[in-house]
Every structure is written in structure tokens, then in C-alpha cells.
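The values are calculated or read from the model by the stated rules, or taken from the named source; none is laboratory data. Small disclaimer: the values here were computed from a predicted structure and weren't measured. Here Cβ is always computed from backbone atoms with ideal geometry, including for glycine, and neighbour counts include all displayed protein chains. Side chains are part of the model used for accessible areas, which takes the heavy atoms of the whole protein and leaves out ligands, DNA and RNA. Shrake-Rupley method; radii C 1.70, N 1.55, O 1.52, S 1.80 Å.
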Amino acid sequence: MPKNIKLAKFAGFCYGVKRAVETAKKLKSENPDKNVFVLGELIHNTDVINELEQLGIKTINEVPDKGDGICVVRSHGESPEIIDKIRRAGFELVDLTCPDVKKVQQKAIELAKDDYFVVIVGKSEHPEVVGINANARLWSNNVVVASSVEQLKDYEKAIKAHKKVGVVVQTTQMLRTLNPIVEYLTSISKELHVANTICQSTAMRQSEAKELAKESDLMIVVGSKKSANTTHLAEILKNITKTIHIENDTELDNYKDVIGSSANISITAGASTPQNVIEKVIEKIK
Ligand code: SF4
């Protein structure tokens with residue numbers, strides 16, 4: 001069957017991830033004699049992590065008591081406690097928290113300081129949410145994390161007792177998660193302030209992919225299964241057309257039948273997917 005293959009414009013690295021990867025590489029090349037560590041995986045992509053390792057940029061999962069060299073905070077951000085620990089260990093800190101994530105942290109702090117009951121929409125174990133939560137909790141104990149109305153119902157009494165409720169959203173969440181939460185909070189709170197902090201890069205990627213899905217027999221989403229924004233993207237598209245989520249071109253072998261029977265195929269990719277991985281997928285489909 002003849003194939004019409006389209007690649008989304010907003011596929012692959014967002015500016016926050018691009019900035020983090022490029023800056024980490026630059027730090028090492030400008031400081032060849034210094035240790036360069038990244039706390040947690042810089043991005044959810046094994047190939048990129050391996051490439052960084054080869055350049056001498058090591059991933060660490062915990063801050064040691066004593067450190068020597070540079071320690072990078074990745075685009076997800078960190079809690080003030082961890083930032084402090086990095087400095088106390090003796091590292092030179094390079095904070096590559098994405099400016100969009102910083103904005104969410106600042107907004108959550110503002111709301112907490114202003115005596116709002118703060119609701120952070122997202123998954124409590126997501127590293128970005130951990131950082132936002134910890135920043136807000138420095139100012140108030142009235143801060144909760146929820147990714148569904150069900151979870152929020154546990155706090156209904158506390159929310160009703162509070163004068164003002166403020167909402168921030170983890171940057172890669174979906175509107176369809178935020179909307180029912182806002183609707184529920186509207187029904188139980190006296191005053192509600194919602195800061196839609198879903199990042200523009202995510203919003204544009206999702207809306208472009210939705211349009212492409214409407215005219216495609218098959219959508220291929222390329223990116224790590226550990227990446228929240230890539231997984232969300234695939235979930236959204238599954239509601240519109242046949243969608244497969246693969247990490248790289250080798251996984252295409254599992255989908256030969258569906259690819260073979262699709263005439264219009266569109267490809268998009270998550271924020272942590274490198275360009276060369278996307279290119280290999282296109283090449284293999286062709
Ligand atoms: S997805 Fe958005 S918030 Fe997250 S790193 Fe990229 S630009 Fe920043």
C-alpha cells in the first residue's frame with residue numbers, strides 16, 4: 001500500500017530539555033578536568049544518557065555527603081532541601097530547572113504564602129511534582145497533590161474550611177485531567193484561583209498531534225515509556241485513531257501488520273526524544 005508519511009513539527013526535544021542537554025555537554029567541554037554529575041537522569045532516553053556517560057557526564061541518583069566538581073539539577077527541578085544538600089556536599093551547583101517549571105514552583109510558593117489551600121495537579125511521585133510540593137510546603141502545610149477528583153475527595157473537609165483555594169498544574173499534565181478537578185473545586189470552594197501551568201511546548205505538541213491523528217490511519221509516538229509527556233501523548237491519540245507507542249525503530253518489527261495496512265501514517269515524539277531516533281523510525285517505515 002502506498003504510504004503517506006508525515007512528521008509533526010513539534011516532535012522531539014522541547015526547549016527545556018534541549019537547554020539541559022546542551023548546557024551539560026558545554027559544562028564538560030569547558031571543564032574537562034572537573035567531575036560533572038547530573039542528579040537523576042537528565043532526560044528519559046537511554047541513548048542520550050549513554051552518550052553523556054561517554055563524554056564523562058555521570059548520572060547519580062543520590063547526593064553523596066561529600067562531593068567534588070559540578071552537580072547539575074535537571075529540567076524537572078528539585079526541592080530546596082536537595083539544593084541545599086548539593087551545596088553542603090561541596091559541589092558547584094548548576095541549576096538547569098526549566099524556566100517553565102520554575103514558574104510553577106514560584107506560583108505554588110505565592111499561593112502558599114498568600115494563605116491559599118494549594119492543590120498541585122499531577123502524580124505525587126513525579127520528580128517535578130516532588131519539587132513543586134517541597135517548595136510550597138516551606139510556606140504552608142495546606143498543600144496537597146492530586147491527579148483525580150477521587151484523590152481530592154479525601155481533603156474535601158479541609159478545602160471547604162479554607163477561604164481560598166489555589167491550583168497549579170504539573171507542566172506536562174493533560175487538560176482532561178485538570179478540567180474535572182477544577183469543576184469539582186468550583187463546587188466546593190468559596191474562592192478559587194486556577195493557574196493553568198501546563199507548558200506551551202506540551203500544549204502545542206498535543207494539539208498538533210490531535211489534528212494529525214484526525215487525518216491519519218496510524219499515529220506513531222516515539223519516546224521512552226518512562227516519559228510522562230510521551231505516555232500522555234499516546235493516551236490522547238489512542239482516543240482519536242490507531243496509535244502505537246515505541247521507544248525506537250527496533251520496536252517497529254512488532255507492528256509490521258498494522259504499518260503495512262495503513263496508508264496515512266503520522267509520527268510525533270515526546271520532549272525527551274532525540275532527532276536521530278525519530279529519523280531512524282521514519283527511515284525504517286519508508
Ligand atoms: S516539557 Fe515544558 S516544562 Fe518540561 S522541560 Fe520541556 S519546556 Fe520545560
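Kindly indicate the residue of segment 219-245 that is out of contact with any helix residue (DSSP H, G or I) (no Cβ under 7 Å at 6 or more places or on another chain) and assigned to a loop (DSSP other than H, G, I, E, B) and also farthest from Thr273 (Cα to Cα) among those meeting that condition. Before the answer, list the steps.
Residues of segment 219-245 out of contact with any helix residue (DSSP H, G or I) (no Cβ under 7 Å at 6 or more places or on another chain): 226-228, 230-232, 234-235, 238-239.
Then keep just the ones that are assigned to a loop (DSSP other than H, G, I, E, B); that gives 226-227, 239.
Values: Lys226: 12, Ser227: 9, Asn239: 22 Å.
Looking at residues that are out of contact with any helix residue (DSSP H, G or I) (no Cβ under 7 Å at 6 or more places or on another chain) and assigned to a loop (DSSP other than H, G, I, E, B), I get Asn239.
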If we scan segment 36-46, do we find a residue that is within 21 Å of Glu279 (Cβ to Cβ) and open to solvent by 40 Å² or more (accessible area, probe 1.4 Å)?
-> yes
Would you please name the residue that is nearest to Pro32 (Cα to Cα), looking only at residues in segment 59-93 that are within 16 Å of the ligand (Cβ to nearest atom) and not basic (Lys, Arg)?
-> Val72
Consider Val94 carefully, then state whether it is open to solvent by less than 20 Å² (accessible area, probe 1.4 Å) and not in a loop (DSSP other than H, G, I, E, B).
-> no
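Go through segment 233-264 and give me each residue that's among the β-branched types (Val, Ile, Thr) and under 28 Å from the mean Cα position of the chain (by Cα). Lay out the reasoning, then the answer.
Step one: filter segment 233-264 for residues among the β-branched types (Val, Ile, Thr), giving 236, 240-241, 243-244, 246, 250, 258-259.
Selection gives Ile236, Ile240, Thr241, Thr243, Ile244, Ile246, Thr250.
For segment 249-270, state whether one or more residues are within 29 Å of Asp100 (Cβ to Cβ) and open to solvent by 10 Å² or more (accessible area, probe 1.4 Å).
Looking through segment 249-270, none of the residues is within 29 Å of Asp100 (Cβ to Cβ) and open to solvent by 10 Å² or more (accessible area, probe 1.4 Å).
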For segment 98-185, please list each of the strands (runs of 3 or more DSSP E) lying entirely inside it that holds at least 2 residues being of a type in the set (Val, Ile, Thr) and within 14 Å of the ligand (Cβ to nearest atom).
-> 164-169
Between a first residue in segment 225-254 that is farther than 15 Å from Ala271 by Cα and a second residue that is within 16 Å of the ligand (Cβ to nearest atom), which pairs have beta carbons less than 7 Å apart while being 6 or more apart in sequence or on different chains?
-> Ile236/Met174; Ile236/Gln206; Leu237/Ala209; Leu237/Val221; Thr243/Val221; Thr243/Ala234
